[in-house]
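Each reported figure results from applying straightforward, stated rules to the coordinates on display, with no laboratory input. The structure presented is a predicted model; accordingly, all values stated were derived computationally and were not measured. FYI the Cβ positions are ideal-geometry reconstructions off the backbone, even for glycines, and counts take in every protein chain you see.
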Amino acid sequence: MPLFTKKPAKHLTRLFFATDLHGSERTFRKFINAGKFYEVSILVMGGDITGKLLIPIIQEKNGHHRATLQGNVQHVETQEELKALLEKIGILGFYYQIMEENHFRELQANQSAIDALFHDLARQRLEAWIDLAETRLRGTGIRCFITGGNDDDPEVLSVLKRAGAQTFIDCEGEAVNVDDEHTMISVGLSTPTPWNTPRETTEEKLKEYIQEMVAKVPDISKAIFNFHDPPVDSTLDTCPQLDWSTDPPTPIVQAGQIVMHGAGSKSVRQAIEAHQPMLGLHGHIHESQGVAKIGRTTCVNPGSEYGEGILRGCLITFSNGEVEGFQMTSG
């Protein structure tokens, strides 16, 4: 009989997680390229994938263009300048439409037409992103799991369910196998915010939905909770407390200091404390990048700097229900 026996090698799974890209073209391309760059088999996008603004670009009679971007009127005279403006708008995650002055005036007076155009442009960008993912990841063995967030309109998110997609997987509301052992459940809803975003719900309804999702997991010790809303008071949800009575909401100040608080979800925290999954993937609060332990569960929020074209993410390695290591990334 041998004195020493060799332990079987662990099968390690590597996952790259990012969230809150808010329509940023450059940041999404970095996300798709992160699969090969970090040598991972799984990409997870955790919600708030659509942009926030539509920028009208007015085509003037002399062939020039103008647009108001971030409070400044941009006057564009050449095609090179127009191309640079469109690239900047894409990095910021905004949408654009080039139109004549008369069309712009008509659109201004019709909010339903504005909403329809915004949703159409958002769907077009998501469809282009799916095309990009399917092209770049085909044959690599890398799968891209994606879910919406509270800022994403359900009408726009409908394009994520593309029949025949091989690498791009809409995982919201599903229990998906990320490898042979580990199951991920995804919830993109959030509790109420001052911004009245499209996919908000109460703590009570969120709790019920999470319970329905947990019931789909065969082994909770090997589960990943991909929940857009972070657990409350976890350091992953710290942000300025806002006065909801003003328009727009404004930070609350006491003794000359902005009051900070935990804006996450009680229901998410309760679910993590009760079930103790292997890993929690969260976002929603852009400025609260970090890693926190809740019992045995490793919870991460990589934060977001999408408007600068910077991809913040977290590279996570796990095996047999245990997180073996993690590393925050930025680039």
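What to note about this one:
- Compared with the direct C-alpha span, the chain from Glu39 to Leu12 gains 8.5 nm at full extension, assuming 0.36 nm per residue.
- Taking a sphere under 15 Å around the Cβ of Val44 and counting the other residues whose Cβ falls inside, with K and R at +1 and D and E at -1, yields a net charge of -2.
- Scanning residues 5 or more positions from Gly93 or on other chains, those with amide H under 5 Å from its amide H are Glu25, with H placed 1.01 Å from N in the peptide plane.
- Model label sites at Ile310 and Ala163, defined 7 Å from Cα along the beta-carbon direction, differ in position by 4.4 nm.
- Gaussian network model of the chain, Cα within-10 Å springs - most flexible of Thr193, Thr202, Thr246: Thr246
- The rule of thumb for compact globular proteins, 2.2 N^0.38 Å, goes into the C-alpha radius of gyration of the range 86-159 1.37 times.
- Efficiency of FRET from Cβ geometry, Glu134 and Ile114, R₀ 25 Å, rounded to 0.05: 0.20
- Loop-resident GluC sites (Glu not before Pro) (DSSP state other than H, G, I, E or B) in the range 66-145 with no more than 14 further Cβ atoms inside 10 Å of their Cβ: Glu77.
- One equal scatterer on each Cα of the range 34-192, no solvent, Debye formula: the resulting log10 I(q)/I(0) at q = 0.10, 0.11, 0.12, 0.21 Å⁻¹ is -0.48, -0.57, -0.66, -1.33.
- Using a Förster distance of 45 Å, the FRET efficiency for Glu204-Glu181 (Cβ separation, nearest 0.05): 0.85
- Relative contact order (%) - the chain, alpha-carbon pairs under 8 angstrom, separation at least six: 19
- Shape call, the range 169-298: gyration tensor on alpha carbons, a/c limit 1.5: prolate
- Helix-only CD estimate at 222 nm, as mean residue ellipticity for the chain, using -39500 (n - 2.57) per DSSP H run (n ≥ 4): -8500 deg cm²/dmol
- Label point at Asp233 placed 7 Å out along Cα→Cβ; residues across the range 248-285 whose backbone nitrogen lies under 13 Å: 261-267, 269-270
- Of all beta bridges that DSSP places with both ends in the chain, some 55 percent have antiparallel geometry.
- The range 83-188, relative contact order in percent, only Cα pairs under 8 angstrom and at least six apart counted: 21
- Beta bridges per DSSP with both ends in the range 44-148, % antiparallel, nearest 5: 45
- Rounded to 10°, Cα long-axis angle of helix 203-214 versus longest principal axis of the chain: 50
- Within-15-Å neighbourhood charge of Asp219 [Cβ basis; K, R +1; D, E -1]: -1
- Excluding same-chain neighbours fewer than eight residues apart, the aspartates and glutamates reachable from Lys83 by a Cα-Cα span under 15 Å are Glu25.
- By average C-beta atoms within 10 angstrom, highest first, the peptides 266-275, 147-156: 147-156, 266-275
- Among Gly139, Val187, Ala215 - extreme Cα towards positive end, dipole of the range 80-226, charges at beta-carbon: Gly139
- Estimated distance in nm for a label pair at Val253 and Glu174, the labels positioned 7 Å out from Cα along Cα-to-Cβ: 4.9
- Result for the chain in a Gaussian network model with C-alpha springs under 10 Å: among Leu107, Leu126, Leu86, the largest mean-square fluctuation is at Leu107.
- The phi torsions of the range 300-311, fed into the Karplus equation with coefficients 6.51, -1.76 and 1.60 and a -60° offset, translate into couplings of 10, 9, x, x, 8, 9, 4, x, 9, x, 9, 9 Hz, rounded to whole numbers, with Gly and Pro shown as x.
- Shape summary of the range 224-322, radius of gyration then Dmax from alpha carbon positions: 15.1, 50 Å.
- Spherically averaged projected area of the convex hull of Cα atoms, the range 219-277: 5.0 nm².
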